[in-house]
């Protein structure tokens, strides 16, 4: 039982990073209809930016976090100009291919400039252990779910109660109608990409103390985030949040009780099953296509 | 005239190993394998309109089929080749089933999930696939008929010629397929699925045959690769291989016969033209893909055709 | 002769969420008969057509085609059994030529196997050639022969409508369902269309279910008419009688003034 709780806690930590990446991805998909494969690169570059800020410039963590936020948001700004602006009125697969190209380019740019050697973030929090009953982990790791909840909570409030949030939501309902109602669609697109990238960048930074940072960490995380997006229902933020935590926990349990080799596979198997039998996602409402 | 031109091109390619060195021959052979892969993807994505990001997985399934067969049963290339094609085709059928219900983004994501599952299985199921270190595969060796050895396929050159022969045969088969009724039906499904069934076409069968054909071609390339490389590792069959094949098809021009061939040759040989910048290969690859999709969505061939139409 | 109708729809029903788009509608189309299906916008005509051709599954009712129950058959099987259709919003394979559009509709009637066509067996090649000849003949019938090798996207709307009709004809249907074939045509083209549909019935002996807005087309062509309003059949009979039926008149123009009168 004690071990079970420890696995659960580990799953929540990993799951929190999935949530942060997947929520941005699902926003970009739900609002703009773009399937962004370069999203893992926001995560990877955010991690590098954070590690550099802390180790090279000796910044304190909150400041480094701010740097990561701004830096990733700028990346999102650039990505929108490449992946969304010129691709309107194209078929669904164009943005997929284009974002794949961007992912390859960014990854290799990172490899060429930063080198293949992995880095790990170590801060003053890394060595402070905390104990919650039988669960044990470094404080820094425990802060990841907390940061996730603060960010997603803030995002949720923004979407719910601000003018920008209403614009975003109206876009996801119907872009043309939103435009007719005076929503500045171009600006909403840019904001969506910036928010999505910032969330992914922060996730990368937060996880840089758990997993090694290297140029190809974005690959697996973006694929897993896609499974989360589908499980939660495309465009559904709360769905993505729940599904992200679930995937993290499922992986942790699979690795502990079934086989470590199955850990990464399980999510993809679930996603194919869900797409076949419940394409609206685990939490989406059934809709009729006529 | 056209036939003559094709013969001439094939003859020139066949003569290449006498002129260029071993390294270039190897690059050419890779190009031939990618021609098979991209042409295969084109069946399902270019003609039938069903997007797939899983060509690398079928390539791997073909390669691992021959590797595992020769390890466990000791069978040789001539037995493993058709089996590898059939196994890849069978998995193609399996992936085709979701395509009957899903479209666009959703289908793309299922194919990506499938590709990832195959890769993870190859790299994690160590007892069956050899895990990250992969498996050794014997050479094709002597080819004999009625007890007499005709020739041996062991050297790089012999592999190159052998791959060329197989590629020409496969491309001819694909060309015939596209000229036949099934080719026309694939285009019909791509253009308008509702209309296709309204005129009586079995769109289920049409899509599944496209997936099977596409996977079978990748399987064929996989079996040859495994023997030519004398081994397989999971990292030869990642999603990036799939992305590369997609890039070749898009850059050349999907939905045309010649487009993916040109795309495959172009992108395989591109690093060789970069000289000292060869390490930027993958980076440029990504940039090229973005530029092509954005500016030339119909690919090089599509653009050339449009220009020709405008001037005539 | 008239004993077995080509098509018999019995009590068809289809709901979309809470809305009943087609409610318990029955109709029959006899051999070599032209039956009109009319009604104001949103009356359920298009849904009815989609239920008959199999694009939509019905929630209730049965469909008998040429004596066999086809209620659970998918649309491609219905086409193979001899049902062709045209679309209200013109549908053609836009990246193919005019001739290829016709050939595709004839695939279901071809005898050579897929394998024969791939290896180009002589019989398969001969069959393909004879089908091409047939396609040219039909195109000539519609004055479209010179466009056979052009992409369909290069034709005018009127010409594309004719290609749709030729596509239906080449599949040798027993029943041709025409969904508003006069939509978007100029008055002289409507006259031509009326003549062509008459000839299709007289020369090919096929039965036609005609969904139409244009009352002139309906009066000139139909043997019988079925009128829908809000998914319910409100009248049926010969065109001259039906258009004078007060219930029908009310459905067509009345809903407008009733609403105005209430306001």
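The values are calculated or read from the model by the stated rules, or taken from the named source; none is laboratory data. Not measured: the values here are computed from a predicted model. Virtual Cβ from ideal backbone geometry, glycine too; neighbours counted across all protein chains shown.
General observations
- Flag for residue B:69 being without any contact (Cβ under 8 Å) to a residue 40 or more places away in the chain, surrounded by 15 or more Cβ atoms within 10 Å (Cβ to Cβ) and part of a helix (DSSP H, G or I): yes
- Odd one out for residue A:203, checked against (1) assigned to a loop (DSSP other than H, G, I, E, B); (2) within 20 Å of residue A:156 (Cα to Cα): (1)
- Filter result for residue B:74 (without any contact (Cβ under 8 Å) to a residue 12 or more places away in the chain, more than 30 Å from residue C:120 (Cβ to Cβ) and surrounded by fewer than 17 Cβ atoms within 10 Å (Cβ to Cβ)): yes
- Residue match in segment C:138-149 (condition: within 29 Å of residue B:174 (Cβ to Cβ) and within 13 Å of chain B (Cβ to nearest Cβ)): no
- Every test in (1) closer than 25 Å to residue C:162 by Cβ; (2) facing chain B (nearest Cβ under 9 Å); (3) surrounded by 16 or more Cβ atoms within 10 Å (Cβ to Cβ) is passed by residue C:37 save one, and that test is (2).
- Where helices (runs of 4 or more DSSP H) fall wholly inside segment B:255-312, the ranges with 1 or more residues that are surrounded by 15 or more Cβ atoms within 10 Å (Cβ to Cβ), within 14 Å of another protein chain (Cβ to nearest Cβ) and in contact (Cβ under 8 Å) with a residue 60 or more places away in the chain are B:258-273.
- Any hit, segment B:59-74, residues being modelled with pLDDT under 90 and more than 29 Å from residue B:183 (Cα to Cα): yes
- Options A:42, A:100, A:77; residue that is assigned to a helix (DSSP H, G or I), at pLDDT 85 or above, within 19 Å of the chain's Cα centre (by Cα) and within 14 Å of another protein chain (Cβ to nearest Cβ): A:100
- Of the set (1) touching a helix residue (DSSP H, G or I) at 6+ places or on another chain (Cβ under 8 Å); (2) over 24 Å from residue B:303 (Cα atoms); (3) surrounded by fewer than 24 Cβ atoms within 10 Å (Cβ to Cβ), all apply to residue B:237 but (3).
- Unique residue being over 26 Å from residue A:218 (Cβ atoms) and either modelled with pLDDT under 90 or within 11 Å of chain B (Cβ to nearest Cβ) (or both) when the list is A:119, A:90, A:160, A:141: A:160
- Looking only at segment C:105-126, and only at residues there that are under 16 Å from residue C:172 (Cα atoms) and free of Cβ contacts under 8 Å to residues at least 24 places away in the same chain, the one that is nearest to the other protein chains (Cβ to nearest Cβ): C:107
- Count - residues of segment B:107-159 that are more than 14 Å from every other protein chain (Cβ to nearest Cβ), assigned to a helix (DSSP H, G or I) and free of Cβ contacts under 8 Å to residues at least 60 places away in the same chain: 1
- Helices (runs of 4 or more DSSP H) fully within segment B:163-230 that include at least 3 residues being in contact (Cβ under 8 Å) with a residue 24 or more places away in the chain and buried (at least 21 other Cβ atoms within 10 Å of the Cβ): B:181-191, B:203-229.
- Selection status of residue C:135, touching a strand residue (DSSP E or B) at 6+ places or on another chain (Cβ under 9 Å) and closer than 16 Å to residue B:199 by Cα: no
- Top-ranked residue in segment C:108-119 [being in contact with a helix residue (DSSP H, G or I) (Cβ under 7 Å, 6 or more places away or on another chain) and under 15 Å from residue B:178 (Cα atoms); ranked as surrounded by the most Cβ atoms within 10 Å (Cβ to Cβ)]: C:117
- Test: residue A:145 is surrounded by fewer than 16 Cβ atoms within 10 Å (Cβ to Cβ) and closer than 20 Å to residue A:202 by Cα: no
- Test for residue B:82: is it assigned to a helix (DSSP H, G or I) and at the interface with another protein chain (Cβ under 10 Å from one of its Cβ atoms): no
- For beta carbons closer than 6 Å, sequence separation of 6+ or different chains, a first residue in segment A:181-199 that is without any contact (Cβ under 8 Å) to a residue 60 or more places away in the chain and a second that is surrounded by fewer than 17 Cβ atoms within 10 Å (Cβ to Cβ), the qualifying pairs are A:185/A:179.
- The set of residues in segment C:137-154 being surrounded by 15 or more Cβ atoms within 10 Å (Cβ to Cβ) and within 26 Å of residue B:180 (Cβ to Cβ) consists of C:138, C:139, C:144, C:145, C:147, C:148, C:151, C:152.
- Residues in segment C:48-68 that are in contact with a helix residue (DSSP H, G or I) (Cβ under 7 Å, 6 or more places away or on another chain), over 12 Å from residue C:21 (Cβ atoms) and within 14 Å of chain B (Cβ to nearest Cβ): C:53, C:54, C:55, C:65.
- Pick from segment C:86-100, criterion more than 17 Å from the chain's Cα centre (by Cα) and more than 7 Å from chain B (Cβ to nearest Cβ), ranking: surrounded by the most Cβ atoms within 10 Å (Cβ to Cβ): C:98
- Qualifying residue in segment A:71-82 (condition: touching a residue at least 12 places away in the same chain (Cβ under 8 Å) and farther than 26 Å from residue B:284 by Cβ): yes
- Residue B:246 vs. criteria over 19 Å from the mean Cα position of the chain (by Cα) and within 14 Å of another protein chain (Cβ to nearest Cβ): no
- Just one of the listed residues (A:152, A:82, A:130) is touching a helix residue (DSSP H, G or I) at 6+ places or on another chain (Cβ under 8 Å), on the phi < 0 side of the Ramachandran plot, modelled with pLDDT of 85 or more and away from chain B (no Cβ under 14 Å), namely A:152.
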